[in-house]
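Quick note: the coordinates plus some simple rules give every number you see, no bench work behind them. It should be emphasised that the depicted structure is a prediction, and the values quoted were computed from it without experimental measurement. Positions of Cβ are backbone-derived with ideal geometry, glycine not excepted, and every protein chain shown enters the neighbour counts.
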Amino acid sequence: MKRVTWPKHSVLVIAIIATWLTTYIGYITSFNMKIDNMMQEFILFMNPLSFLLFIYGLALFMKSTKRRNIYIFSVSLITSIIMFSNAVFYRFFSDFITLPVLFQTSNFGDLSSSIGANIRPWDILFFTDVIIIALAIKFIPAAESSVSQRSIGRKLYFVVAATVLMVNLGLSEAQRPQLLTRSFDRELLVKNIGTYNYHIYDLFIQSKTHAQRALADGSELTEVANYINANYAEPDPKMFGVAEGRNVIFVSLESLQNFVINNEMNGHEITPFLNELTNDPDTFYFDNFYHQTGLGKTSDSEFIMENSLYGRNGGAVFFTNSGNTFNSMSERLGENGYFTSVMHANNKSFWNRDIMYQALGIEKFYDVESYEIGEGQAVNWGMKDIPFFEQSVELMKTMPQPFSTRMITLTNHHPFDLDEEDMIIPPYDSNSKTLNKYFQTVRYMDEAVKIFFEDLKNSGLYDNSIIVMYGDHYGISENHNKAMGMYLDKEITPFDNVELQKVPMFIHIPGYGKGKTIDELSGQLDIRPTVLHLLGISTKEDMQMGADIFSPDHEPFVIFRDGRLVTEDYIYAHEACYDIETGEATDSQACEPYIDRATTELGYSDLIINGDLLRFTDKEEE
Ligand code: GP9
Ligand code: MN
């Protein structure tokens with residue numbers, strides 16, 4: 001019988017194809033990933049390939065066939081173990097493995113007990129490629145002319161691998177802009193760049209964090225604490241404790257900017273209910289209040305209001321520092337007898353919330369699994385705000401009191417899609433579809449908040465609660481300056497872009513009667529001290545950078561994560577110092593002291609987070 005002659009790199013080629021297909025079949029059988037279109041399916045299919053080409057390709061540098069085969073076999077074993085572990089983990093946590101989860105001691109109990117229970121006999125199929133490769137190694141004879149690899153062929157091979165990676169990243173970026181810089185969600189990452197690349201990315205992020213943390217020894221704390229103490233604002237005794245013992249309900253108003261409040265669009269009131277609240281005697285409305293978020297968007301706003309510290313410069317602190325020790329508002333409330341939770345009808349791993357909430361001491365996360373999304377109740381990113389609020393109030397009734405919860409709305413999210421029946425007002429008529437639709441989704445959200453207030457009253461929880469509502473970040477980016485200029489009837493300058501970062505903030509205290517509009521310049525970092533003081537909880541010892549807005553010592557000064565800043569007299573943006581009255585650029589010297597101060601403050605905040613400095617102040621950890 002004639003012996004088949006196998007081409008030289010048959011084992012390598014078989015290995016790549018076998019692992020590629022085993023991985024893809026693993027994806028579709030083990031993970032419940034939402035695939036919306038053919039392109040996403042294609043990306044999912046191709047995404048293991050670049051990594052496999054690289055990793056198996058290293059075999060080309062090995063001289064002996066034996067070594068090469070051992071290497072290829074080991075790679076297939078390791079990739080199979082990675083897929084298998086993720087599948088088992090997913091059965092229990094509906095999430096992919098991330099390094100901090102393996103190191104968080106609180107997870108260990110859950111992990112070890114659930115691993116055994118979650119292994120299935122057919123999991124052996126994750127090792128199909130290993131078996132195929134073992135057979136290939138056994139039965140395919142070593143190529144005779146052995147092995148000095150020609151470097152030209154090798155180069156070509158890696159050029160192909162790099163091209164595959166670029167195509168993969170390019171298609172992913174088109175599907176989901178800023179995927180890697182914002183790193184929203186493990187599921188999105190796996191869907192787009194694949195499990196293997198995702199683990200490398202995770203390793204990279206986590207080791208960067210780890211290195212910075214390892215260098216800190218706590219000695220840095222004194223300087224930071226001095227700065228913080230010097231800026232502490234003593235609460236106004238008239239306001240301290242006015243809402244003591246009440247439930248506190250935070251409502252994160254997705255993408256809501258302040259320019260729509262008390263405003264019209266082609267004769268249509270945009271936020272009638274919120275407008276009413278601005279004149280309500282039980283409501284404080286803050287109309288000179290800024291978001292301070294960066295790339296972490298909603299998650300940054302959560303981080304800021306929980307900790308009164310800045311998010312990270314690039315990337316989301318929810319992802320990079322979920323292993324840190326924090327002194328969050330939720331933790332403080334928990335110590336004061338509150339049951340703490342977050343309610344948000346989205347996948348729990350989005351923004352790494354499931355992990356980060358543990359670090360923030362939040363007792364319960366009512367994620368999408370806690371909601372029933374009926375026919376016609378979802379649009380755009382997920383559950384519509386009206387049913388979300390309705391079901392959330394039902395859930396609130398089951399919470400032990402006093403409770404603190406944060407409800408995160410979703411409908412008013414880019415690209416601002418809405419079902420016809422939910423359009424209460426017509427779209428705007430500018431050249432920006434985004435802005436045109438924005439007014440409609442904002443109008444819908446306003447309606448949802450109105451219904452929420454009614455439901456809360458009917459539930460009997462209203463009188464004993466306070467409701468704190470704030471816009472989480474901008475909704476209309478600078479890309480829409482032209483359309484925004486048309487709406488506001490002026491040309492939008494960098495100065496205006498700063499002012500457009502104002503988001504509304506409301507503190508509604510049922511029965512209080514002395515509410516008013518407060519024009520003190522303030523920002524999201526101030527939420528924590530302001531609210532805790534209203535509840536009669538001191539923050540004097542806390543490492544926070546915001547201040548109680550009701551305090552006579554509150555300093556009117558807002559720093560953005562990107563270094564822009566607002567004072568009572570100036571706005572500093574893109575290396576220009578603007579007069580706040582005229583909006584005209586003025587002598588840049590005038591902004592210098594504020595720039596220094598902002599640099600110091602952002603630097604100290606980074607120091608706390610990168611060095612995980614709060615672990616040195618946390619009594620439980622000692
Ligand atoms: C996702 C929601 C929106 O769960 O919070 O996030 P965003 O894109 O606004 O940061
Ligand atoms: Mn958001």
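Just to check, using Stokes-Einstein with a Kirkwood Rh over alpha carbon pairs, what's the diffusion coefficient of region 296-335 at 4 °C and 1.567 mPa s in µm²/s?
On the way: Rh = 10.3 Å.
Rounded, D is 125 µm²/s.
Given charges of +1 on the Cβ of Lys and Arg and -1 on the Cβ of Asp and Glu, with all other atoms neutral, how large is the dipole of the chain about its Cα centre, in debye to the nearest 20?
Details: 48 positive and 80 negative charges, 1006 e Å.
Value, rounded to 20: 4840 debye.
Determine, from the Cβ-Cβ distance of GLU244 and PHE139 and an R0 of 56 Å, the FRET efficiency 1/(1 + (r/R0)^6), rounded to the nearest 0.05.
After rounding to 0.05, the efficiency reads 0.10.
In terms of the ratio Rg/(2.2 N^0.38 Å) built on C-alpha atoms, what value belongs to region 179-224?
In units of the 2.2 N^0.38 Å rule of thumb, it is 1.58.
Quick one, could you list the DSSP H helices from the chain stretching 24 Å or more along their long axis (Cα atoms) with average Kyte-Doolittle hydropathy of -0.5 or above?
Values: long enough: 10-30 (29 Å, 1.61); 38-57 (29 Å, 1.32); 65-93 (41 Å, 0.72); 151-175 (36 Å, 0.93); 186-215 (35 Å, -0.38); 433-459 (39 Å, -0.62); 592-610 (26 Å, -0.31).
Flagged H segments are 10-30, 38-57, 65-93, 151-175, 186-215, 592-610.
On the first, second and third principal axes, largest extent first, how far apart are the outermost C-alpha atoms of region 450-545 in Å?
46, 39, 22
Modelling each spin label as a point 7 Å along the Cα-to-Cβ direction, I'd like the ASP587/GLU369 distance in nm, to one decimal.
About 6.2 nm separates the two model spin labels.
Only bridges with both residues in the chain count here: give the DSSP antiparallel percent, nearest 5.
Here the share of antiparallel DSSP bridges comes out near 50 percent.
Please say if region 204-304 is rounded, prolate or oblate, where rounded means a/c under 1.5 for a ≥ b ≥ c the square roots of the C-alpha gyration tensor eigenvalues, and otherwise the choice is prolate for a/b larger than b/c and oblate otherwise?
Because a/c hits 1.5 or more and a/b fails to exceed b/c, region 204-304 counts as oblate.
Go through HIS508, LEU180, ILE304 and say which Cα lies farthest out towards the positive end of the charge dipole of the chain; charges sit on Cβ, +1 for Lys and Arg, -1 for Asp and Glu.
Comparing the listed Cα positions along the dipole, LEU180 ranks first.
Expressed in nm to one decimal, what extension gain is obtained for the pair ASN226 and ALA576 from 0.36 nm per residue of sequence separation less their Cα-Cα distance?
On the way: separation 350, 0.36 × 350 = 126.00 nm, distance 3.05 nm.
So the chain would gain 123.0 nm between ASN226 and ALA576.
Given R₀ = 35 Å, what would the calculated FRET efficiency be for ASP596 paired with SER219, taking r from the Cβ atoms and rounding to 0.05?
According to the calculation, E is roughly 0.90.
Would you please calculate the Kirkwood hydrodynamic radius of region 158-243 over all C-alpha pairs and express it in Å, rounded to one decimal?
Evaluated over region 158-243, this radius sits at 17.3 Å.
Could you pull out every residue, at least 5 positions away or on a different chain, whose amide H is within less than 5 Å of the one on MET265? Hs are placed 1.01 Å off N in the peptide plane, and Pro or chain starts have none.
Result for MET265 returns ILE270.
Which cross-chain or sequence-distant (5 or more) residues have an amide H under 5 Å from the amide H of ILE518, H modelled 1.01 Å from N in plane?
TYR285, PHE286, ASP287
State the answer as a single residue: which of ILE424, ASN380, VAL342 lies farthest towards the positive end of the charge dipole of region 308-430, with beta carbon charges of +1 for Lys and Arg and -1 for Asp and Glu, about the Cα centre.
VAL342
For the chain, place one equal point scatterer on every Cα, skip the solvent, and apply the Debye formula. What is log10 of I(q)/I(0) at q = 0.08, 0.09 Å⁻¹?
-0.64, -0.79
Cross-link candidates for LYS66: which lysines have Cα within less than 23 Å, leaving aside residues fewer than 8 places away along the same chain?
Within reach: LYS8, LYS138, LYS155.
Would you please give the residues with an amide H less than 5 Å from that of GLY471, counting only those at least 5 places away or on a separate chain, with H modeled from the backbone geometry?
LEU253
Which Cα, out of ASN352, LEU253, PHE365, lies furthest along the positive dipole direction of region 253-408 (beta carbon charges, K/R +1, D/E -1)?
So the residue furthest toward the plus end is ASN352.
For region 243-351, just say rounded, prolate or oblate: build the C-alpha gyration tensor, square-root its eigenvalues into a ≥ b ≥ c, call rounded for a/c under 1.5, and beyond that prolate if a/b exceeds b/c, oblate if not.
Verdict is oblate for region 243-351.
Using Cα centres only, tell me the gap between region 216-253 and region 564-622 in whole Å.
Using only Cα atoms to place each centre, the spacing works out to 18 Å.
Can you grab the distance from the C-alpha centre of region 448-524 to the C-alpha centre of region 370-409, Å, no decimals?
Each part's Cα centre sits 20 Å from the other's.
With runs of 4+ DSSP H residues as the only contributors, calculate the mean residue ellipticity of the chain at 222 nm using -39,500 (n - 2.57) per run, divided by the residue total and rounded to the nearest 500. Write out the running numbers ahead of the final one.
Values: 21 runs with 286 residues, N = 622.
Dividing the helical sum by the residues of the chain leaves -14500 deg cm²/dmol.
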